[in-house]
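No value in this document is a laboratory result; all are computed from the given coordinates. Quantities reported herein were computed from a predicted structural model and do not represent experimental measurements. Cβ coordinates were reconstructed from backbone atoms using ideal geometry, including for glycine residues, and neighbour counts include every protein chain displayed.
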Amino acid sequence: SHELKTPMAIIQAHAEALSEGAFHDEVMGPKFVDALLRNSERLNTIVSSMLELAHLESGTYDLFLSMYEIEPLIENSIELFQDTDFEHSYQITIDVEKDLKAYIDVQAFSHIVHNFVENAIKYTSRKGIIRVKGKQTDDGVRVSVEDNGPGIESKYFSRIFERFFRIDKGRARDEGGTGLGLSIVRNMADAMGAQVGVCNSELGGAEFWCLFPNVH
């Protein structure tokens, strides 16, 4: 409830200030309007994420599972980041075994990869290194995103996918996070019979991974 109350309180406070005359203030008026728009957008994002999570947890999320080659899907998932100034600020590379396939739902798979890369960008400094990997293991197809950011203490590994869990609450809010992204990822993975987790990266930061089961 705290995640909803914060933007709602800001919206109410600024709306009251505007109604009491701040709207005509050439300096404060535009600032209050901007705050209203930003927090309305944030509130909408949180509510949309909560509805999506509820849909996943209810077991009514529609999946279309089939075998797909994953490298083209990964390329499409990170295309947005490469078409913006992120491409010049971060070194994003793909290291996937040739012709690697997994039994997945395309939309859910793409969402997971996009979320992992987006998180890496949020918590990695400019000129950081982000690597998307895919390989066949004895347990299944392992897809992961690693970075050379500050990393995550191992004591948080078991809680990182909980809804609204944040290691640095202030920093996460500054980055515009809802605290639901990784929880949605976990539920999407569960729906596909996959597992998710986080560990320390060889690059020095964090590595978020998803393991898709072998299908014979």
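By the beta-carbon count within 10 Å of each Cβ, the least crowded to most crowded order of THR137, THR124, fewest first, is THR137, THR124. Among MET188, MET28, a tally of other beta-carbon atoms within 10 Å of each Cβ gives an order, fewest to most, of MET28, MET188. As a rough footprinting exposure proxy, the listed residues CYS199, CYS210 were ranked by other beta carbons within 10 Å of their own, and the order from fewest upward is CYS199, CYS210.
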